[in-house]
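So the structure is just underneath, and the comments pick up after that.
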Amino acid sequence: MAETQQKKKVDMVKLRRQWCIALCICLLQFNSVCVAILDPVDFLALQSIRKGLEDLPGSNYFSSWDFTSDPCNFAGVYCDSDKVISLNLGDPRAEAPGLTGRIDPAIGKLSALAELSIVPGRIFGALPQSISNLKSLRFLAVSRNFISGQIPATLSQLHSLRTLDLSYNIFTGPIPAAIGTLPELTNVILGHNRLSGSVPAFTSQTLTRLDLKHNDFSGTIAPNSLPSSLQYLSLSWNRLSGPVYGLLSRLDQLNYLDLSMNQFTGLIPGRVFTFPITNLQLQRNLFFGPVRPADQVSIPTIDLSYNRFSGEISPLFSTVQNLYLNNNRFTGQVPGPFVDRLLAANIQVLYLQHNFLTGIQINPTAEIPLSSSLCLQYNCMVLPVQTPCPLKSGKEKTRPTAQCNEWRG
């Protein structure tokens, strides 16, 4: 025990001596008292961080980290007075190799740190609990690495945090419910992990982006669990269930919505098609009932495929450039405005296969523009035109008569 304590003392003396050397060099360079000398606690913390990480082959990010010089001139280190306020670990250029190793808990000693980011690489291990000591932290992004374990519940102590990006790692377990109560949150990006459990309520009225795609979340989402300030919502590739009618009725600021690849049920509010959305993805769920837009639809891309929607197709959808209604239970005739816009090359994709549609008013000699794709396969009609369909649509051209009669029933 005595030997261990003695060794720690010796190591501390060495570190402080190294810091003093850097101080002396700085003084000599300026031949006067330096305006700002890095706080010794921050100096030692940077040394510990450096020891835990290495450049991957082809990277030379740490080449400037020479602790006999001023650490505020290191790559990725930004200071204000004698404190580190921003730390961007790794070369930010696209396709840079990145870093490997572990994040040392000493990172929690950078008490003035407001921004922490780590470029894509091969950093592994857990996210240090000590990050919760960084009370000034506003931006935390450590995506596209191999960080594992659970998201520390102590992150809920970061009351200034605005952006939390832990995407493309191997985090497991739930999102700590207390994180959803952080008052300043603007962006929460946790996609492509192995997170599970339910989606917690987010109460921040400044939250504009919530990205939880490609995880293993389950359960329902209460109508009031997400703020109306949301502009981007992606929950795709999970196991979420239950209705979303009440939730979507409130989120009228959305410009991107992806709920695909889940088990959501129930009706879709017609007013969702009037939101300022550029890409609406609701495919591969258990939604059912009629789809009735409240007004002419101006969303460029809408995918409602592989659900249980029924009733007639609204002509208000004819202004959509890419429309996927296939693999549902739609009935009746395809509205005339679809044909007009298709032949005028204003529709690029119109997939209506695998429904119970009974006809479309189109001249058999009409030429579908090369820029447009139409698929009518496997409906209750004799196909008036032959158009190429996706291979996964199968080879059967029409639905069996018995199925059509039963559905009309």
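Assorted remarks:
- Axial C-alpha extent at least 20 Å, average Kyte-Doolittle at least -1.0 - helices from the chain (DSSP): 2-30
- A simple rule links phi to the HN-Hα coupling: the Karplus curve 6.51 cos²θ - 1.76 cosθ + 1.60 with θ = phi - 60°, which for segment 238-251 gives 9, 10, 6, 9, x, x, 10, 4, x, 5, 5, 5, 8, 8 Hz, with x for Gly and Pro.
- Count of Lys pairs (Cα-Cα under 30 Å; at least 8 positions apart or interchain) in the chain: 23
- As a rough guide to protection, the peptides 175-184, 99-108 ranked by mean Cβ packing within 10 Å, highest first, stand as 99-108, 175-184.
- Relative contact order for the chain, counting Cα pairs under 8 Å that sit 6 or more residues apart, in percent: 6 percent
- Per residue, the convex hull volume that the Cα atoms of segment 290-409 enclose (Å³): 97 Å³
- Length released on extending from SER64 to GLN361, taking residue separation times 0.36 nm less the Cα-Cα span: 99.9 nm
- Charge sum, other residues only, whose C-beta stays under 13 Å from TYR168's C-beta, Lys/Arg counted +1 and Asp/Glu -1: +2
- For the chain, the spread of Cα positions along the three principal axes, ordered from largest to smallest, is 89, 41, 36 Å.
- For segment 219-364, fraction of C-alpha pairs farther apart than 21 Å, in %: 40 percent
- The chain: antiparallel DSSP beta bridges as a percent of all, rounded to 5: 10 percent
- Taking amide H positions as modeled 1.01 Å from N, with prolines and chain starts lacking one, the residues under 5 Å from GLU312 and 5 or more places away or on another chain are THR331.
- Computed packing ranks the peptides 215-223, 157-165, 359-367 as 157-165, 215-223, 359-367, most packed first, by mean other Cβ atoms within 10 Å.
- Per-residue 3J(HN,Hα) values for segment 255-268, derived from phi via the Karplus relation 6.51 cos²θ - 1.76 cosθ + 1.60 with θ = phi - 60°, read 10, 8, 9, 9, 10, 5, 6, 9, 10, 5, 10, x, 8, 10 Hz in sequence order (x marks Gly and Pro).
Bear in mind that the values in this text are calculations on the coordinates, not laboratory data. Please read all numbers here as calculations on a predicted model, not as lab measurements. Positions of Cβ are generated from backbone atoms using ideal geometry, with glycine treated the same way; all protein chains shown enter the neighbour counts.
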